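Student: The structure follows.
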Amino acid sequence: MAGTLIANTINTDTGLFSTNNAYQGIAKAWVNFNGNNGSIYKSFNVSSVTYVGTGQYTINFTTAMSDANYAVTTCCGSGGGSASSNAVLMLNDYRIAPTTSAVSLLSSGAGGGTAQNFNYAMAAIFD
């Protein structure tokens, strides 16, 4: 049997909670992608990753965020035993501000912060 259950409040053995609060604190989107070309290994609520150029990516959401003030947490690395000391994947908002439908990221290695590709790049978005 298929169907839809809609509830504003759920009564559990530990008390009541609002379904609005049930969605607070969980990732609204996440992605694990190849930083060399933007191909997605696995994701949730991410329609695509656009490879803009060396170390530059745009993560496109399947369902838009409620506003552009969401939080983004990221990481990246080469994997396979390759050293990637101090690798960083960060918000690229100085070039492209976050929108409700996409966020721009920039990855770089240690030292001068030169843009660099990594085999694995990951991001989680909390709205």
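The values are calculated or read from the model by the stated rules, or taken from the named source; none is laboratory data. Note that the coordinates shown come from a computational prediction; the quantities given were computed from them, not determined experimentally. No Cβ is skipped: glycine too gets one built from the backbone with ideal geometry, and neighbour counts run over all protein chains shown.
Student: I'm trying to understand the selection: among the residues of segment 31-71, which are part of a strand (DSSP E or B) and of a type in the set (S, T, N, Q)? Break it down stepwise before answering.
Tutor: Looking only at segment 31-71, we keep the residues that are part of a strand (DSSP E or B), and these are 31-33, 40-44, 46-53, 56-61, 71.
Within segment 31-71, ASN32, SER43, SER47, SER48, THR50, GLN56, THR58, ASN60 meet the criteria.
Student: Quick check on my filter: what residues within segment 31-44 are crowded, with 16+ Cβ neighbours inside 10 Å and free of Cβ contacts under 8 Å to residues at least 24 places away in the same chain?
Tutor: Result: GLY38, SER43.
Student: Looking only at residues that are over 13 Å from LEU106 (Cα atoms), of a type in the set (Ser, Thr, Tyr) and surrounded by 15 or more Cβ atoms within 10 Å (Cβ to Cβ) in segment 63-79, which one is modelled with the lowest pLDDT?
Tutor: So the residue we want is SER78.
Student: Given the condition surrounded by 15 or more Cβ atoms within 10 Å (Cβ to Cβ), at pLDDT below 90 and either touching a helix residue (DSSP H, G or I) at 6+ places or on another chain (Cβ under 9 Å) or not in a loop (DSSP other than H, G, I, E, B) (or both), answer yes or no: does some residue in segment 80-88 qualify? If you could, list the steps in order and put the result at the bottom.
Tutor: Kept after step one, since they are surrounded by 15 or more Cβ atoms within 10 Å (Cβ to Cβ), are these residues of segment 80-88: 84, 87-88.
After this cut, where a residue has to be at pLDDT below 90 as well, the list is 84, 87-88.
Filter once more, keeping what is either touching a helix residue (DSSP H, G or I) at 6+ places or on another chain (Cβ under 9 Å) or not in a loop (DSSP other than H, G, I, E, B) (or both): 88.
Scanning segment 80-88 turns up at least one residue that is surrounded by 15 or more Cβ atoms within 10 Å (Cβ to Cβ), at pLDDT below 90 and either touching a helix residue (DSSP H, G or I) at 6+ places or on another chain (Cβ under 9 Å) or not in a loop (DSSP other than H, G, I, E, B) (or both).
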